[in-house]
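Note sheet for the following structure.
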Amino acid sequence: MTQPATHQDLVHVDPHADITFHWDGWMQVRISNGTSVPWSAWPDRFDIREPDLRRDDLKSLFPHHPDDPSVHFIPVTHANLIDACTTWMQGGYVSAGRRDYTRFPWQGSTYGWIVGVLDVRYRGGDTIDAAPRGTDAWQPIIDITADGYAPDLVSSTWLRERVDGWILAFLEHYGVDTNSEDLDDAVLRWTRHHLPTSSNAMSPAPAWSTWLEKKVTGLWQSGEWQQHHNAGTAWRSPYERPWYEARTAPDGTRWNFLWTGSPFAYAYSPDRPTSPYDCLLTHRPARGCGPRNAHLARERLTRLADDWMSGPALSPQARTAWSAEVYAKTGLRNPT
C-alpha cells in the first residue's frame, strides 16, 4: 500500500478554551485538551470530509492520500485551519462555500427515520431535489433561497441538516410526535397505533417501511408532494455542530460553556482549573426538547451560562454547590 504524503502538522492554540488543534492536512482536525478542560468535554477531533464524495474515480483529483478516496476542499494553510476551528467552535459550517456543486453534485439517500425511501440531490442552483428511491422523478422539495441561502453559502453538512428538517416536518404532518426525545420510539408508537400488524409480527418496522414507501410514491405520482415544498428548517445536531460560548467575567477570568451532545454540558475556566465534577453546567440539556425543538436546548444553555456568570463564576463554593446539585440529579454516584 502506498504511504500517503503528509504535511507537517499545522497547529492552532485557543488559549481561552485551553485546547490545541492539530491538522496534517487530511480529513480530521485533532483536538488536545489543556489541564483545565473536563474529561469528554470536547471530542478528540472534528471531521472536514465530504462524506458523499468517497469515490475511487476522484482519487486522481485529490492525490494527497492516493489510497484513500476521501475528499475535502479546504486548502492546507494555517489561516484555513484557524478559520475551520473558529467556525466549528461557533457551531458554523466548516466547508461552506468551498465546494463547486455543479462540478461535484451532492447526492444520496434519506437515512434514519425514513431510511432509503427518497433519493436526494443538490447540483448547485436554488433547489434541493428528491425522488422516490431508484426513480428519476426528481422534484424540487426545498428552495434554498427561502432559508436565506445561496449556492456560495451551501455546505454538505447544511444540506444534510436541511433534508433532516424536511423529514421531521414530513413526519409531523402525518402525526408522528417529532418533539419526542426518542424519535425512533415515537415512530414505533405511531406505527402500532395507525398500522395494526399481525400478532405474530416481531416488529412493527416492516409495516412502517411499507406504508412510508407507498405514501411517498403516491405523493410523487399525484403531485401532492408540493404540499411538503419547503417544509421544515435545518435540524442541527450537537454532535456535528457543538454549542459553545466563551465569556469573560468583570475580573478578567475566562469561562467556557460547552455541549457537544454528551450527557453533560460543561462550564470551565483556564484561569480556575478544578475537578471535572466542579465543571458541570447541566445534565441532559435536551431533556424535553425533541428534534423539532432542538433549538430550545441551546436557548436553555445560554440562560444557564448567564446564571453561572452571576453566581458560580464569582464564588468557588457556589461553583462546587452548583455542580454537586447537577450531579446529584443524575442518580449516579460521585466517585470523589
Exercise for the section: List the strands (runs of 3 or more DSSP E) that sit entirely inside region 246-336 and contain at least 3 residues that are in contact with a Ser or Thr (Cβ under 6 Å, 6 or more places away or on another chain). Expected result: none
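Could you go through region 207-229 and let me know if any residue there is outside any loop (DSSP other than H, G, I, E, B), out of contact with any Asp or Glu (no Cβ under 7 Å at 6 or more places or on another chain) and within 29 Å of Gly97 (Cα to Cα). Walk me through how you get there before you give the answer.
Going through region 207-229, the residues outside any loop (DSSP other than H, G, I, E, B) turn out to be 207-222, 224-228.
Pick out the ones that are also out of contact with any Asp or Glu (no Cβ under 7 Å at 6 or more places or on another chain) and you get 207-222, 224-228.
The next check asks that each one be within 29 Å of Gly97 (Cα to Cα); those that pass are 226, 228.
Checking region 207-229: at least one residue is outside any loop (DSSP other than H, G, I, E, B), out of contact with any Asp or Glu (no Cβ under 7 Å at 6 or more places or on another chain) and within 29 Å of Gly97 (Cα to Cα).
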Problem - Some residue of region 185-205 being in contact (Cβ under 8 Å) with a residue 40 or more places away in the chain, part of a helix (DSSP H, G or I) and of a type in the set (Asp, Glu) - result: no
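Return the only residue of Thr320, Thr302, Thr274 being touching a Lys or Arg at 6+ places or on another chain (Cβ under 9 Å) and among the polar types (S, T, N, Q). Let's see the steps before the verdict.
On the way: Thr320 fails: touching a Lys or Arg at 6+ places or on another chain (Cβ under 9 Å); Thr302 fails: touching a Lys or Arg at 6+ places or on another chain (Cβ under 9 Å).
Answer to the selection: Thr274.
If I ask for residues that are open to solvent by 10 Å² or more (accessible area, probe 1.4 Å) and either in contact with a Leu (Cβ under 8 Å, 6 or more places away or on another chain) or part of a loop (DSSP other than H, G, I, E, B) (or both), which ones from region 28-41 would you list? Steps first, please.
Start the filter on region 28-41 by keeping residues that are open to solvent by 10 Å² or more (accessible area, probe 1.4 Å), which leaves 28, 30-35, 37, 39-40.
Within region 28-41, Gly34, Thr35, Val37, Trp39, Ser40 qualify.
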Practice task
Looking only at region 224-233, decide whether some residue is within 24 Å of Ile141 (Cα to Cα), open to solvent by less than 30 Å² (accessible area, probe 1.4 Å) and aromatic (Phe, Trp, Tyr).
Solution key: yes
Exercise for the section: Would you mind telling me which numbered condition in (1) part of a helix (DSSP H, G or I); (2) modelled with pLDDT of 90 or more; (3) within 30 Å of Tyr93 (Cα to Cα) Asp177 fails? Expected result: (1)
Exercise for the section: May I ask you to list pairs of residues, at least six apart or on different chains, whose Cβ atoms are under 6 Å apart, with the first in region 292-306 being open to solvent by less than 30 Å² (accessible area, probe 1.4 Å) and the second being among the small types (Gly, Ala, Ser) and modelled with pLDDT of 95 or more? Expected result: Leu301/Ala265
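Condition test on Ile74, is it among the aliphatic types (A, V, I, L, M), modelled with pLDDT of 90 or more, touching a His at 6+ places or on another chain (Cβ under 7 Å) and open to solvent by less than 60 Å² (accessible area, probe 1.4 Å)?
Answer is no for this residue.
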Exercise for the section: Give me the pairs, please: first residue somewhere in region 47-58 and modelled with pLDDT of 75 or more, second residue anywhere and open to solvent by 70 Å² or more (accessible area, probe 1.4 Å), beta-carbon distance under 8 Å, and either six or more positions apart or on two chains. Expected result: Asp52/Gln107
Exercise for the section: Scan the strands (runs of 3 or more DSSP E) fully inside region 93-153 and keep the ones with 1 or more residues being under 17 Å from Gln226 (Cα atoms). Expected result: 118-122, 127-132, 139-143
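The values are calculated or read from the model by the stated rules, or taken from the named source; none is laboratory data. From a predicted model like this one, the values you see are computed outputs, not experimental measurements. Ideal geometry is used to build each Cβ from the backbone, glycine not excepted, and the neighbour counts take in all protein chains shown. Ligands, DNA and RNA are excluded from the accessible area calculation, which covers all protein heavy atoms including side chains. Shrake-Rupley method; radii C 1.70, N 1.55, O 1.52, S 1.80 Å.
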